[in-house]
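Asker: I'd like to ask some things about the structure below.
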Amino acid sequence: MNTNQQSGFDQSGSGGGNGQKPLNSDHEGTLDGKEASVASRGPVSVMLVDDHPHGREGMRIILSEDAFFQVTGEASGGEEAVLLAEQLQPELILMDIRMPGIDGLEATSRIKSILPSVKIVMVTVSDDIADLFEAIKRGAQGYLLKNLSPSAWLDYLRAVSLDEAPMSRELATRILHEFLPNRSRESRVASAASTPSRSSTSQSTTPLTEREKEILERVALGEPNREVAHTLGISEHTVKNHLKNILQKLHLDNRVQLTRYAFEHGLMDRNRGPESF
């Protein structure tokens, strides 16, 4: 097995051989305001986790192209990653999903229990749906394929670091089909009313405003902030503020969880799901 096959990285800048896109791939243009804020306190600290040395090398080479990031630690396995994360407390972790012993999924769970604010992006050679949803449930912020171009990696990781990574329509569609395979909108509403959860309890005590519900729906359809702002006739800054409030009210971490919440709690009409766009 050669280096590229082992690590799964395409460093040619072409985006890989199979044309796949990252599951959260709709970027939002410039991020200059927040970038300036982040730059004022130094680069984003990153920890790399991969059991293959070539895999870590590939990630390190990509990140070295952008002064926005600084690799502060590397781990060759899940158990080492948990210990090192607690010691270094990085802001961003790139986590290989398949590793012997404690795999990336379990390591993500353990790290998030220790460092709930850390952003973890899963890295893999395939977009297996079961792994994707398990990673989301365990607290991952996103998901990257190893065959993407370096520029796609850097664009997406910048967006994640700045809390600006929108849900792709592909991922929104997958969530729709995964969580609502045979349920009508009426049964979802009834289920949400009769089976309280942490999120539904949060909503009952801190209800969303009509504007927040509108924004939640657009986000669940896979729209980036700019498109949401245009659709609703408000500024992009206002959309960002509303999203922050929504996440706080529902005790959620990211757009992936918001989308799942919207579908599970009957806030979306299946006929208006992202597959119709």
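Coordinate-derived values only; no laboratory data. Only a predicted model underlies this, so the values are computations on that prediction, with no experimental measurement involved. Here Cβ is always computed from backbone atoms with ideal geometry, including for glycine, and neighbour counts include all displayed protein chains.
Asker: Please work out the FRET efficiency for the pair residue 248 and residue 102, using the Cβ-Cβ distance as r and a Förster radius of 30 Å; give the result to the nearest 0.05.
Answerer: The pair residue 248/residue 102 has a calculated efficiency of 0.45.
Asker: Now for a separate question. From the cross-link list 137/249; 213/249; 119/213; 112/213; 119/240, which pairs have alpha carbons spaced over 21 Å apart?
Answerer: 119/213; 112/213
Asker: Let me ask something else about it. When Lys and Arg each count +1 and Asp and Glu each count -1, what net charge do the other residues less than 14 Å away from residue 116, Cβ to Cβ, add up to?
Answerer: Here the count lands on +1.
Asker: Separate question: Could you size up the charge dipole of the stretch 81-156 around its Cα centre, putting +1 on the beta carbon of Lys and Arg and -1 on that of Asp and Glu, and report it in debye to the nearest 20?
Answerer: Dipole magnitude for the stretch 81-156 comes out near 140 debye.
Asker: Does the stretch 44-112 come out rounded, prolate or oblate by the C-alpha gyration tensor, with a ≥ b ≥ c the root eigenvalues, rounded set by a/c under 1.5 and, if not, prolate when a/b is larger than b/c and oblate if not?
Answerer: oblate
Asker: For residue 69, which sequence-distant residues (separation of 5 or more, or a different chain) have an amide H within less than 5 Å of its own amide H, given hydrogens modelled in the peptide plane?
Answerer: Correct list: 44.
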